[in-house]
Amino acid sequence: MRKYQQLALVLISISCVAILLVYKSENNRLKYVLEVVNIFGRSDTASLIRIDNSSRYRNSVPYDFDSPLPAWQRVGADLYVYSAYWQKNDLEAGGTVVSLAVGLEQSIVNFKCQVQHGGKDVVPGKFLFSRVESPTGSVVAPNGEVFTIYKFLCKVKRDFGQPTEVVFTDATHSIKRYIPLRVIESKSIPQKMTMTACVDLNNYLELEDEFRKPSAVLQFFLHHQIVGVDDFIVYNSNALDSTTTAMLYNHGIKINLLPYNFPFDLANKQQNRLIIELDCLMRNYNAARYTFVGAINEYLYPNSRLRSNNQFLKYAGKVSSDVTQFTVTTRTICVDKRRKIFSDNLLYDVDARNDRPFVIHRPLDYNRTGSAPPELVKSLTVERGIMFVHRYIENCVGKSDLYDWSTTLDADFLQYVSEVGKELNKLIYR
């Protein structure tokens with residue numbers, strides 16, 4: 001009888017421990033939700049969106065966009081490499097390293113290359129390179145020197161697992177330079193993020209003060225989080241101080257901070273956009289269905305949240321895979337400092353000249369077609385009733401040709417824009 005009592009006590013103890021573990025697990029989950037948003041007493045869209053974002057993040061393995069960190073590294077005389085990507089062959093051994101590089105126009109490109117596997121096995125490769133044509137013309141320094149953007153390729157026919165570095169050897173001086181490799185992973189379609197944003201802060205300090213305020217920076221990221229952007233890759237991590245970065249993290253915004261120490265002076269920093277765009281497309285390959293490169297004063301407005309029933313996603317999903325990008329209509333909006341939320345600014349400058357189009361890319365299809373010349377890249381224009389972009393500027397004083405953009409939208413689209421603005425107000429100025 002005593003043995004049965006002891007057995008019963010053991011069973012009861014085990015049951016209590018199990019119940020305690022379950023309670024602790026559920027309590028941690030509840031605390032996590034409460035840390036994300038105070039849901040009690042609120043039924044607004046902002047709460048639901050943040051819970052959706054948090055649960056998506058919690059229920060999936062966070063995608064690592066910032067490892068290894070890229071940086072401009074010298075590989076030869078006036079030749080620098082920013083990042084390198086390993087693409088494994090599908091049907092045979094080996095693969096190709098694609099490196100993004102820049103150099104003076106007169107620089108001699110003459111390298112040998114190897115692919116290294118964890119400091120052990122080294123496989124010799126065949127070095128090739130191609131020049132990338134800039135749609136805005138030559139990349140020029142203030143002193144008149146012209147730069148060329150390259151893709152350095154290192155093709156190997158063998159591999160010993162996952163490579164870690166590509167080694168470039170200057171054929172003239174026999175100096176080896178080691179560039180860490182980012183491995184492009186294979187992902188099935190359901191695992192991919194819907195849309196990511198690559199944020200170009202390369203000319204951040206040259207922007208007007210209004211867009212460099214912490215509240216304005218927070219507004220940019222929160223706006224795009226609300227409309228459905230899944231993740232953010234920020235180029236030029238030095239632009240955001242630790243206080244601003246902590247503020248973004250505290251609001252549940254997923255950001256990947258990348259350095260961008262461009263080695264040359266440029267007459268126009270906008271010319272860096274092409275390099276950032278190339279890296280963004282490689283970094284998002286097999287990670288996101290769509291991505292875009294935007295500045296901190298450029299806001300994307302879809303006519304509904306970017307989820308499966310969104311009109312743009314349905315449209316883009318049906319077009320041919322040889323269409324690699326979608327051009328979105330852009331307006332230049334004048335900012336009234338009395339308005340806290342940028343979407344509350346209604347007047348746009350019809351005469352403003354937009355030097356570059358705003359483009360949404362399909363990274364997988366772009367990288368399949370390779371770096372085709374700009375005139376051969378197939379693009380479609382998105383109707384303004386489906387999606388548009390507002391590029392905000394501060395200096396509109398004295399301009400007469402200003403019009404109210406809200407009169408051009410249908411009622412449902414205008415209502416959605418208004419709802420997004422209201423949620424921003426609650427999240428920033430609560």
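The values are calculated or read from the model by the stated rules, or taken from the named source; none is laboratory data. Since the model is a prediction, treat every value here as computed from it, not as a measurement. Cβ coordinates were reconstructed from backbone atoms using ideal geometry, including for glycine residues, and neighbour counts include every protein chain displayed. The accessibility values were calculated without ligands, DNA or RNA, using every heavy atom of the protein model including side chains. Shrake-Rupley method; radii C 1.70, N 1.55, O 1.52, S 1.80 Å.
Data for the structure
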read-out	value
Candidate set: segment 271-307, residues that are farther than 24 Å from Leu69 by Cβ and among the polar types (S, T, N, Q); chosen: the one surrounded by the most Cβ atoms within 10 Å (Cβ to Cβ)	Asn303
Qualifying residue in segment 207-228 (condition: farther than 30 Å from Ser418 by Cβ, open to solvent by 10 Å² or more (accessible area, probe 1.4 Å) and among the hydrophobic types (A, V, I, L, M, F, W, C))	no
Checking Leu205 against (1) free of Cβ contacts under 8 Å to residues at least 40 places away in the same chain; (2) more than 30 Å from His251 (Cα to Cα), the condition it does not meet	(2)
Count - residues of segment 229-243 that are of a type in the set (Asp, Glu) and crowded, with 19+ Cβ neighbours inside 10 Å	2
Index of the failed condition, Lys314 passing every other in (1) assigned to a loop (DSSP other than H, G, I, E, B); (2) open to solvent by 30 Å² or more (accessible area, probe 1.4 Å)	(1)
Looking only at segment 148-202, and only at residues there that are assigned to a loop (DSSP other than H, G, I, E, B) and of a type in the set (Lys, Arg), the one that is least open to solvent (accessible area, probe 1.4 Å)	Lys192
Residue tally, condition out of contact with any strand residue (DSSP E or B) (no Cβ under 9 Å at 6 or more places or on another chain) and either modelled with pLDDT of 55 or more or more than 19 Å from Leu274 (Cα to Cα) (or both), over segment 375-386	3
